[in-house]
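The values are calculated or read from the model by the stated rules, or taken from the named source; none is laboratory data. Keep in mind it's a predicted model, so treat the numbers as computed, not measured. Cβ placement follows ideal geometry from the backbone for every residue including glycine, while neighbour counts extend to all protein chains displayed. Keep in mind that these areas ignore ligands, DNA and RNA; they rest on the heavy atoms of the full protein, side chains included. Shrake-Rupley method; radii C 1.70, N 1.55, O 1.52, S 1.80 Å.
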Amino acid sequence: PNVRTVQGELVTALTRLGLKPSLGKFAGRTDAGVHARLQYFQCWVENPRYEAASLVKRLNAVLPDDMTVWEGCYLGEDNGFDVRQSVSWRWYRYQVQLSARKDCWLPDDMAWLDVPDLD
């Protein structure tokens, strides 16, 4: 199925910039429907023709409005860096509203649990 992913958007943007990226990998992953506020991504490119700061600006110009690249760098192929092994911590926040009635102003990323005894 054609499901939009952060990885797909990044690879598409890098391809549009002529860098011929690999599929890449992330430091971690989120479940379907869960959104990461910050994520680290690593991929290989055939043609690193932009300085890192310029690449960040160019990526942000071609990425969808709901994605932002904050920083980028180039590392040689044999540097030993692996994004999955290098992340030292992860932080998760889960939001749940406990009430008998669902609040119509509840953000889309917040769950509601019907608990009649709390009202």
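A few notes on this one:
- For the stretch 98-105, the criterion of being charged (D, E, K, R), part of a helix (DSSP H, G or I) and modelled with pLDDT of 70 or more is met by no residue.
- Test for N60: is it out of contact with any strand residue (DSSP E or B) (no Cβ under 8 Å at 6 or more places or on another chain), of a type in the set (S, T, N, Q), open to solvent by 40 Å² or more (accessible area, probe 1.4 Å) and modelled with pLDDT under 80: no
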